[in-house]
Each structure stands twice: as C-alpha cells, then as structure tokens.
Amino acid sequence: MAQAVSNVFGFHALQLGLPELDALEANRMPHRWLATQSEAEVGLSPRVAFATNFFALPFAANSLDLVVMPHTLELTADPHGTLREVERVLMPEGRVVICGLNPVSLWGFRQQRAHWYRHLGKASLFLPDEGEFIGYLRLRDWLRLLNLEILEGHFGCYRPALSTQHWLHRFNWMDKAGPRWWPILGSVYFLVAVKRVHSVTLISPARKPAMRLSVAPVPVANSAGSIRATGQNNLQVKQSEPVL
C-alpha cells in the first residue's frame with residue numbers, strides 16, 4: 001500500500017477507517033485526513049480528524065485527489081453507497097486504493113465455517129463479525145458502474161488462518177507458491193482505480209455548398225442581321241446605325 005500511495009500527487013488525501021493503520025504515511029500531499037465512523041474512535045489516535053458516515057462525506061464534489069479504504073467496505077453498513085460517495089468526492093483522474101478480504105480463500109472459508117458452528121455454540125469467529133466479505137469480481141463490477149477504471153489488482157496472504165507463529169512459519173511456502181499456482185485464492189486483495197470522466201465533443205452540422213447558376217451563351221440577332229452570343233446574365237443587343 002505504501003508503494004501505491006507514494007506515487008499519487010495532489011493536495012488532498014483521505015483515509016476512511018482503521019485508525020490503527022497509517023495508510024497515508026508514505027504519501028506526500030500537504031493535506032491528509034483520517035476519518036472514522038464512530039465518535040468513540042476519535043480519541044484513540046491523534047491522527048483521527050473527524051467522525052462521519054462514510055456514505056455522506058463532508059466534502060464537495062470533485063475535491064479529493066486520493067482516497068484510501070483499508071478494509072472499509074467490510075466494516076460499513078452500506079458498502080455500495082460508500083463507494084458511490086467516494087466516486088463523488090474524487091477529482092477527475094483521482095485515485096482510490098481499496099483493501100479487502102477475499103471470501104474465496106482459506107481465511108474466508110474459516111470465517112464461514114465459524115458462522116455455521118456458532119449457531120451450534122461450538123466455535124467463535126476468527127475475524128470481526130461486522131459487515132460482509134465482498135468478492136474481488138463483485139467489487140470490479142461496482143467500480144466499472146461508477147466509471148472507476150482499475151489500474152492494478154493483487155492478491156496476497158495464501159497461508160491458512162492459523163493463530164500461532166510456529167504454524168504460520170511452517171506454511172510460509174504457500175505465500176511463495178500461491179501467486180503462481182492459485183493466484184485468485186489469496187485471503188487479501190488490493191485494488192487501485194482511477195476516476196475517468198469522458199469529455200463531450202460538439203460536432204457542428206455539415207454545411208451544404210451554396211448553389212451557383214451556370215452561365216450559358218444565348219444567341220441574339222440585331223436589326224442588321226448580325227448575331228452575337230452573350231451571357232444569360234449579361235444580355236447585350238447592339239443595334240446597327242441607320243443608313244442614310
């Protein structure tokens with residue numbers, strides 16, 4: 001994420017949610033804010049600027065150059081409305097960086113299995129219960145509908161959802177083999193999209209050339225019997241002088 005935000009230039013950047021992570025640390029914009037959904041989180045970190053609803057941001061349209069969303073869509077009540085609001089406040093050619101949890105992964109399978117077992121009172125959730133996992137392909141469709149063009153996308157974290165460092169180290173080989181053998185099954189995905197605004201070019205109606213009348217010679221006979229050819233638009237008749 002640091003590499004993605006460090007190459008984005010402008011004046012105004014916003015991070016939505018997850019105050020434990022400083023996603024804008026590598027960015028060099030002069031104005032950077034961190035917003036949360038709960039007022040209780042404002043005092044958790046001095047970097048938190050304000051609390052707001054993510055689907056009603058207090059910014060004018062076309063005013064932000066960068067918006068970072070670290071697991072924001074999973075933790076909001078209206079993920080599609082939040083994404084639509086981000087598109088509104090982004091400037092043309094502004095960028096949005098999104099991190100999410102992949103439901104089609106080992107972590108997603110463990111979370112789904114915990115939901116099944118929890119109804120029987122036999123297990124607890126491995127990940128937070130708020131929100132839902134949004135699939136990678138589903139998110140791509142949302143971005144296309146909002147004229148957000150995807151620049152890059154990556155998957156990561158192919159190891160199983162384990163709690164001990166010892167077993168995580170044992171399965172370290174899966175992170176090396178995953179990008180080659182099962183690339184779309186990573187537990188975490190990462191997207192960078194840019195807002196495209198298509199301009200309208202006015203086309204003037206085709207003008208027909210003005211019609212011009214052709215000039216044809218017309219024979220004219222005078223009183224002396226001589227014939228002179230003149231133009232139709234410049235008709236001249238020369239009369240002979242009387243003979244004395």
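Any read-out appearing in this document is the output of simple, stated calculations on the displayed coordinates, not a laboratory observation. Quantities reported herein were computed from a predicted structural model and do not represent experimental measurements. We place every Cβ from the backbone using ideal geometry, glycine too, and count neighbours over all the protein chains shown.
For ARG144 and SER38 in one chain, what is 0.36 nm times their gap in residues minus the Cα-Cα distance, to one decimal in nm?
On the way: separation 106, 0.36 × 106 = 38.16 nm, distance 2.97 nm.
Fully extending the segment from ARG144 to SER38 adds 35.2 nm.
One Cα centroid belongs to segment 173-193, the other to segment 36-82; the line between them spans 27 Å.
Could you put ILE150, ILE98, ILE203 in order, starting from the residue whose Cβ has the fewest other Cβ atoms within 10 Å? Write down the numbers at each step before the final one.
Working: ILE150 14, ILE98 25, ILE203 6.
With the fewest neighbours first, ILE150, ILE98, ILE203 line up as ILE203, ILE150, ILE98.
If the chain between HIS119 and ASN62 were fully stretched, how many nm would it gain, using 0.36 nm times the residue separation less the Cα-Cα distance? Could you put the intermediate results ahead of the total?
Details: separation 57, 0.36 × 57 = 20.52 nm, distance 4.57 nm.
Full-extension gain reported as 16.0 nm.
When the label point is put 7 Å from the Cα of ASP22 along its Cα-to-beta-carbon vector, which residues of segment 167-195 have a backbone N closer than 18 Å? No residue passes the distance filter. Taking 0.36 nm per residue of separation and subtracting the Cα-Cα distance, full extension of the segment from LEU137 to PHE9 would add 43.3 nm.
Site pair ALA177 and ASN53 shows an inter-label distance of 4.9 nm when each label is modelled 7 Å from Cα along Cα→Cβ.
Here the spin labels are modelled as points 7 Å beyond Cα on the Cα-Cβ line, and at ILE184 and HIS154 they lie 2.0 nm apart.
DSSP bridge analysis restricted to segment 2-195 gives an antiparallel fraction near 45%, rounded to the nearest 5.
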